[in-house]
1. Given the pairs LYS14/LYS55; LYS21/LYS55; LYS14/LYS67; LYS58/LYS82, which span a C-alpha to C-alpha distance of over 21 angstrom in this model?
2. How far apart, in nm, are two points set 7 Å out from the Cα along the Cα-to-Cβ line at TRP16 and at GLN125?
3. Fully extended, how many nm does the chain gain between ASP101 and SER137 (0.36 nm per residue separation, minus their Cα-Cα distance)?
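All of the numbers you see were taken from the coordinates with simple rules; none came from a lab. Being a predicted model, the structure only gives us computed values, none of them experimental. No Cβ is skipped: glycine too gets one built from the backbone with ideal geometry, and neighbour counts run over all protein chains shown.
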Amino acid sequence: MSLDWECTADGGIKAWNVDAKRVVYDLNTSEAFPRHGSSHLDSLGFASLTVWNMKTWKAMTVLPLGKDPPAITSLSFNHNGKILAAVATDGMIHMFDVQADRYMNTLTSIFSLGVDGKVIEWSLQNQGQILWSRNCSRLD
């Protein structure tokens, strides 16, 4: 269930199985997303996040990110795979309803745990607002 990715210089994506420590698929994005003289953003009118089926290596859904989105740095699905949380360089956690192919803001809060040991409850109604936080780092 662990997976990580790496973008290559030629625009490809290598999917790594973290547990097996090996490449499980090498995706050529120019074949999956052909461009016709304009950027992918211009051809769609917005940037998007594509969710792939890891067994068939086919795109399952395309989630809208907007016209000027931040870079996505981390992704996590909920327990049943219906909600996707995307952490971005703007410091926000963006939530998506994968089945409805849409950005969602129906949840009221979400928790994150940082490498600094802080647990933070973030408001999804007022993005960027911290509702609660606690330092849970170990003291030696």
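1. On the way: LYS14/LYS55 15 Å; LYS21/LYS55 18 Å; LYS14/LYS67 26 Å; LYS58/LYS82 18 Å.
Table pairs above 21 Å Cα-Cα are LYS14/LYS67.
2. Label-label distance for TRP16 and GLN125, simple model: 4.1 nm.
3. Contour length minus the Cα-Cα distance gives 9.3 nm.
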